[in-house]
Amino acid sequence: EEELKRTIRILGRRSKNNPVLVGEAGVGKTSIAHGLAQRIAEGRVPKSLNDKIVVQLDMAQLLAGTRYRGDFEERLRAVVQEVTDSRRRVILVIDEVHTLVGAGSSGGAEGGGIDAANLLKPALARGELQCIGATTLDEYRRYIEKDPALERRFQPVNVPEPTQEETVEILVGLAPKYERHHQLRYAREALVSAVKLASQYIADRYLPDKAIDVMDEAGSKVRQQLFQEAEDSKTAAEGWAASQELEVVR
């Protein structure tokens, strides 16, 4: 919540109004962008953001199938042109924003050539392009901080790993979507257990991502068990009917 509020404050600035969400993978950086889009849709943002449209840029898709540097540049310039033509209505969300440095370049992050960052800098400097970036602290220091011209365009927002209590509330908010998928209901106690188990046994990942995976896996397992029980019951009924020379009604 605090990170979302700070993101909204930065977006409302006259200059340097491009937040970059900095945190470990799985802590919920992109969910902040989704939360912003939801608030805009509900009208719960300052007037300056009321008519904004949040659009996510898929860098992998942008790079897919590009054999030559010119192909990528043409695609990216078209994206930038479309955003600038919107007259600042579009907020571009760029996950793993550090990949801008060197993307499309013939020499990688350190090897010359035009990269995506250099193509975006002019539009960012003129205020024609507004975006929200997301990256890890290590990658921010490795790529963004080493490019002063790019770093000046962004305001970092630290996104820490949520506490177990905060993660439970996140799961409560997400549960209806997973309940519809798995056709079951999650008790709050089950969500608390998912968070505790994820924290105890999954050491190399972060909340809430790992707890969401536990919740999803548990739902799938229950559905599998219910299906197997139904299959076992049907098999038993067919066996009994055969012994009685009856036909099971399907």
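The values are calculated or read from the model by the stated rules, or taken from the named source; none is laboratory data. The structure displayed is predicted, hence computed values, not measured ones. For neighbour counting, all protein chains shown are included, and Cβ atoms are generated from backbone atoms with ideal geometry for every residue, glycine included.
Kindly evaluate residue 220 against the criterion of being at pLDDT 95 or above and either basic (Lys, Arg) or closer than 20 Å to residue 28 by Cβ (or both).
No: the conditions fail for residue 220.
Across the stretch 84-111, which residue is nearest to residue 74 (Cα to Cα) among those that are of a type in the set (Asp, Glu) and modelled with pLDDT of 90 or more?
This residue is 85.
If you check every pair at least six apart or on different chains, which have Cβ atoms under 8 Å apart with a residue in the stretch 183-198 that is closer than 15 Å to residue 169 by Cβ and at pLDDT 95 or above first and a residue that is crowded, with 17+ Cβ neighbours inside 10 Å and of a type in the set (Ser, Thr, Tyr) second?
Listed pairs, sorted by first residue: 186/178; 195/167.
Residues that are touching a residue at least 24 places away in the same chain (Cβ under 8 Å), outside any loop (DSSP other than H, G, I, E, B) and polar (S, T, N, Q): does the stretch 144-160 have at least one?
yes
Restricting to the stretch 17-29, name every residue that is assigned to a loop (DSSP other than H, G, I, E, B) and within 13 Å of the chain's Cα centre (by Cα).
Matches in the stretch 17-29: 23, 24, 25, 26, 27, 28.
Restricting to the stretch 126-135, give me the number of residues that are in contact with a helix residue (DSSP H, G or I) (Cβ under 8 Å, 6 or more places away or on another chain) and surrounded by fewer than 18 Cβ atoms within 10 Å (Cβ to Cβ).
1
Taking the condition of a type in the set (A, V, I, L, M, F, W, C), in the same structural domain as residue 10 (by the TED database) and modelled with pLDDT under 85, does residue 114 pass?
Taking the combined requirement at face value, the residue satisfies it.
How many of the residues in the stretch 121-157 are among the small types (Gly, Ala, Ser) and within 24 Å of residue 31 (Cβ to Cβ)?
2
May I ask you to verify whether residue 7 is surrounded by 17 or more Cβ atoms within 10 Å (Cβ to Cβ) and in contact with a strand residue (DSSP E or B) (Cβ under 7 Å, 6 or more places away or on another chain)?
Yes.
Only one residue in 7, 84, 30 is touching a helix residue (DSSP H, G or I) at 6+ places or on another chain (Cβ under 7 Å) and under 28 Å from residue 138 (Cβ atoms), so which one is that?
Criteria check complete, one pass: 7.
Of the residues 4, 76, which is at pLDDT 95 or above and of a type outside the set (Ser, Thr, Tyr)?
4
Can you pull out every residue in the stretch 33-70 that is out of contact with any strand residue (DSSP E or B) (no Cβ under 9 Å at 6 or more places or on another chain), within 22 Å of residue 120 (Cα to Cα) and of a type outside the set (Phe, Trp, Tyr)?
60, 61, 62, 63, 64, 65, 66, 67, 69, 70
Answer with yes or no whether residue 32 is assigned to a strand (DSSP E or B), surrounded by 14 or more Cβ atoms within 10 Å (Cβ to Cβ) and at pLDDT 95 or above.
Here the answer is no, as residue 32 does not meet what is asked.
Which residue out of 14, 44, 67, 9 is in a helix (DSSP H, G or I) and more than 30 Å from residue 204 (Cβ to Cβ)?
Testing whether each residue is in a helix (DSSP H, G or I) and more than 30 Å from residue 204 (Cβ to Cβ) leaves just 9.
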